[in-house]
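Written below as structure tokens is the structure these notes are about.
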Amino acid sequence: MSLTKDDIVRALAKENGYQINQSVELIETLLDLIKSNLASGEDVLISGFGKFCVREKRERRGRNPQTDEFMMLRPRRVVTFKCSRKLRGKINKSQ
């Protein structure tokens, strides 16, 4: 089961005594800040959680799996995530 934005909003409201609409506004503002920084090519570092990085992928050769036809894939930017040591330790400790 995945943690959804709605789950986060409800937990934020419950644990901090916010109204649901305040929690929605807070989460939306946070996500907009993260998205705008990533869209402008900047990395986003959240201490104790991890780092979202924008990576440039070069033009490369790919293959259409339905037709087996080779094609050139355009260069593009992708977002990668690297979790912090603290988060990695917490994840591995729970096993």
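The values are calculated or read from the model by the stated rules, or taken from the named source; none is laboratory data. In this text the structure is predicted, and so the values were computed from the model without any measurement. Here Cβ is always computed from backbone atoms with ideal geometry, including for glycine, and neighbour counts include all displayed protein chains. The area values use the complete protein model at the heavy-atom level, side chains included, leaving out ligands, DNA and RNA. Shrake-Rupley method; radii C 1.70, N 1.55, O 1.52, S 1.80 Å.
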How much accessible area per residue does region 1-76 have, in Å², with a 1.4 Å probe? 85
Using 10 Å bins from zero, what percent of all Cα-Cα pairs in the chain falls into each bin? 13, 25, 32, 20, 9, 1
Where the accessible area of the chain is counted over protein heavy atoms with a 1.4 Å probe, how much of it, in %, is carbon and sulfur? 52
From Cα pairs below 8 angstrom and at least 6 apart in sequence, can you work out the relative contact order of the chain, rounded to a whole percent? 20
Enumerate lysine pairs in the chain that are 8 or more residues apart or on different chains, then count those whose Cα atoms are under 30 Å apart. 27
Using a simple spin-label model with points 7 Å from Cα along the Cα→Cβ vector, what separation in nm is obtained for Leu87 and Arg10? 2.3
